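Everything on this sheet refers to the single structure shown next.
Rule-based calculations on the coordinates, nothing more; no lab input. Note that the coordinates shown come from a computational prediction; the quantities given were computed from them, not determined experimentally. Note that we place each Cβ from the backbone using ideal geometry, even for glycine, and neighbour counts take in every protein chain shown.
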2 protein chains.
Amino acid sequence: MAQYSAQLDGVFTALSDPTRRAVIGRLGRGPATVGELARDVPMTLPSFMKHLRVLEQHGLIRTRKSGRVRSCELARERLALVDGWLAEQRAVWEGRTDRLERLVSGLEPPKEPR
Amino acid sequence: MAQYSAQLDGVFTALSDPTRRAVIGRLGRGPATVGELARDVPMTLPSFMKHLRVLEQHGLIRTRKSGRVRSCELARERLALVDGWLAEQRAVWEGRTDRLERLVSGLEPPKEPR
């Protein structure tokens, strides 16, 4: 549970930057080399590499070096953590809405406040 | 577009902390006062208030003061931005998968690399 929470911290931190989100969008179309990714980004290569390291560190991309070329691919399963977290929130809301509906339609007596 | 991107930055930043995610989870069950929210959190009130301000600043909660009591409610529409962003990513992946499938089944000739 603590690990899940720490992973969520990392995923949300990684997603809080437009350059990093753009890399994720690009890698969604297929793997790419660092050179290909960097080409579209108006930023120095060292700055861009920092963003890639944040993405890799938090598990959103995998990179592999072959000779002098480093290639990157998206780790979609890590992005699925966000889907999971949103689904949990929705379950809470819907549970609440269901209770309200039952209350309104008289199927369930109101609970005493605790 | 720039505003949408800045809003996403803010939402993801706000979600990158477990205390703030816990507040969102709690407010999913209904509005609560700051006192009620703070009760479950092992942290000083000033530190906790900072987290609430981050959530409010990035549009994930709304707060209202009535006399000496400040109440908070979840702004679900802001959380929907995350759903929207994930749906965009999925559309990219699925577009890619569809193309691969058409390619494999011979319905589409491969494109020349640009």
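What sits nearest the axis between copies A and B, counting only chain A Cβ atoms, is the residue and whole-Å distance A:12, 3. Give the separation of the Cα centroids, region A:13-54 to region B:51-77, in Å. Their Cα centres are 34 Å away from one another.
Restrict the search to region A:13-67; then list the trypsin sites (Lys or Arg not before Pro) that DSSP places in a loop and that have at most 16 other Cβ atoms within 10 Å of their Cβ. Don't skip to the end; give the middle numbers.
On the way: sites: A:20, A:21, A:26, A:29, A:39, A:50, A:53, A:62, A:64, A:65; in loops: A:29.
Sparse-neighbourhood loop trypsin sites (Lys or Arg not before Pro): A:29.
Potential lengthening of the chain between residue A:87 and residue A:99 amounts to 2.5 nm, from the contour at 0.36 nm per residue minus the alpha-carbon distance.
Among residues other than residue B:82 with Cβ under 14 Å from its Cβ, the summed charge is +1 (Lys and Arg +1, Asp and Glu -1).
Each label point was placed 7 Å from the Cα along the Cα-to-Cβ direction; for residue B:44 and residue B:1 their separation is 4.6 nm.
For residue A:59, what charge total do you get from the other residues with a beta carbon under 10 Å from its beta carbon, if Lys and Arg give +1 and Asp and Glu give -1?
Details: positive: A:62, A:78; negative: A:56, A:77.
Charge balance near residue A:59 sits at 0.
With N counted as the residues of the protein assembly as shown, its alpha-carbon radius of gyration over 2.2 N^0.38 Å works out to 1.24.
Label-point distances for residue B:47 to the equivalent site in the other copies, using a point 7 angstrom along Cα→C-beta, read 3.4 nm when ranked shortest first.
Shown here is the pair-distance distribution of chain A: with all Cα-Cα distances grouped in 5 Å bins from zero up to the longest one, the shares run 2, 10, 17, 17, 12, 9, 7, 6, 5, 5, 4, 3, 2, 0 percent. Label points for residue A:101 are taken 7 Å from Cα along Cα→Cβ. From this copy to the others they lie 3.1 nm apart, shortest first.
In order along region A:28-33, the phi-based Karplus estimate (6.51 cos²θ - 1.76 cosθ + 1.60, θ = phi - 60°) of 3J(HN,Hα) comes to x, 8, x, x, 8, 7 Hz; Gly and Pro are listed as x. Residue by residue, region B:37-42 carries 3J(HN,Hα) couplings of 5, 5, 4, 8, 10, x Hz when phi is fed to the Karplus relation 6.51 cos²θ - 1.76 cosθ + 1.60 (θ = phi - 60°); x denotes Gly or Pro. Close amide H contacts of residue B:75 (hydrogens built in the peptide plane, cut-off under 5 Å, sequence separation of 5 or more or a different chain): B:61, B:62.
Below 10 angstrom from the Cβ of residue A:92, what's the summed charge of the other residues (Lys, Arg +1; Asp, Glu -1)? Walk me through the numbers before you get to the answer.
Working: positive: A:90, A:96, B:26, B:29; negative: A:88, A:94.
Summing Lys/Arg as +1 and Asp/Glu as -1 gives +2.
Neighbouring Cβ atoms from other chains, within 10 Å of the Cβ of residues in A:8-20, number 5 on average.
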